[in-house]
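The values are calculated or read from the model by the stated rules, or taken from the named source; none is laboratory data. Source: prediction; values computed, not measured. Virtual Cβ from ideal backbone geometry, glycine too; neighbours counted across all protein chains shown.
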Amino acid sequence: MTDARHTPYKPNRFALRLVCLGLFCLTAQSTLAETVTVEVRDPAGAAIEGIAVYLEALDREMPPEIHHATVEILQQNKGFVPYIGVVQAGSTVTFSNHDDITHHIYSVTGNKRFSFNLRAHEISPEMGIEQAGLIAMGCNIHDWMSGHLLVVDSPYYGVTNARGQTVIEIGDAGRYRIVTWHPQVRESVQKIVSLPALETVSLKLGQSLAAIPRQKGVDNFDFLEGY
């Protein structure tokens, strides 16, 4: 008679496969992300590049995803590059002077105000951006320079490309408000949608953009070239 207490345990391979498959499915579901393409067009139907886009959840709290990043804003050819940026609150920003002259970078609007000199080819220390809002930037030396950084309380954001599109990855299905922003847009363009039921969302401006300031100096400022 064989003592069952000493019989070696042989696991059921089929059962193990089912358990592993179940764990894989649970993991895949927890990390599954959908994407939505947002396209922005002017009244004539032409694509608009450089429009900031972000999503706000309407039927629940915003998900805990965090897309904090360090954003680099260049001073190049006496202009801010990019002209428009968008980041999530809690991110950091650095300024990198690619010109052969000094810039005096400042912002006196919103919750983040600063003013400092940045000599040729210098990079500023990282600057934390804790609160949502708009940071409008300029240069006290070259007053035609301007740039904008939109800080949002959302991990879902982007800036439209040359085709007027940005692809945004979302982690949870639900109702969202899509919001667009640009300093030269005279109206607030928004749209409420259910995601991920829609793969592409189109928004159309009712008015054309105002002229974007030229980030280029005039001959009268040549005496500052060596500053």
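Scan region 71-107 for residues that are among the polar types (S, T, N, Q) and in contact (Cβ under 8 Å) with a residue 60 or more places away in the chain and the total you get is 5.
Candidates 164, 206: the one that is of a type in the set (Gly, Ala, Ser), surrounded by 15 or more Cβ atoms within 10 Å (Cβ to Cβ) and either over 18 Å from the mean Cα position of the chain (by Cα) or closer than 16 Å to residue 39 by Cβ (or both) is 164. Evaluation of residue 134 against the conditions (1) more than 24 Å from the chain's Cα centre (by Cα); (2) at pLDDT 90 or above; (3) not aromatic (Phe, Trp, Tyr) shows that the sole unmet condition is (1).
Of all residues in region 160-212, which are in contact (Cβ under 8 Å) with a residue 60 or more places away in the chain, among the small types (Gly, Ala, Ser) and in a strand (DSSP E or B)? 174, 202, listed by residue number. The conditions of being under 20 Å from the mean Cα position of the chain (by Cα), under 18 Å from residue 160 (Cβ atoms), modelled with pLDDT under 95 and not basic (Lys, Arg) are met by residue 36. With respect to (1) buried (at least 17 other Cβ atoms within 10 Å of the Cβ); (2) farther than 30 Å from residue 41 by Cβ; (3) touching a strand residue (DSSP E or B) at 6+ places or on another chain (Cβ under 6 Å); (4) modelled with pLDDT under 95, the lone exception for residue 142 is condition (3). Return yes when residue 195 is touching an Asp or Glu at 6+ places or on another chain (Cβ under 9 Å), over 22 Å from residue 146 (Cβ atoms), modelled with pLDDT of 85 or more and aliphatic (A, V, I, L, M) and no when it is not. Yes; evaluated as a whole, the condition is true for this residue.
Within region 82-95, does at least one residue satisfy the condition of being in a strand (DSSP E or B) and within 14 Å of residue 121 (Cβ to Cβ)? Yes; the residues of region 82-95 include at least one that is in a strand (DSSP E or B) and within 14 Å of residue 121 (Cβ to Cβ). Evaluate region 88-102: report whether one residue or more is modelled with pLDDT under 95, touching a His at 6+ places or on another chain (Cβ under 6 Å) and of a type in the set (S, T, N, Q). The answer is yes; a qualifying residue exists. Only residues that are over 21 Å from residue 59 (Cβ atoms) and surrounded by 12 or more Cβ atoms within 10 Å (Cβ to Cβ) were counted in region 184-203, giving 4.
Residue check: is residue 175 more than 25 Å from residue 76 (Cβ to Cβ) and not aliphatic (A, V, I, L, M)? It is true that residue 175 is more than 25 Å from residue 76 (Cβ to Cβ) and not aliphatic (A, V, I, L, M). Of the residues that make up region 67-78, is at least one in a strand (DSSP E or B) and among the polar types (S, T, N, Q)? Looking for residues that are in a strand (DSSP E or B) and among the polar types (S, T, N, Q), one finds at least one in region 67-78, hence yes. Taking the condition closer than 20 Å to residue 211 by Cβ and surrounded by fewer than 17 Cβ atoms within 10 Å (Cβ to Cβ), does residue 181 pass? So residue 181 does not fit the description; no.
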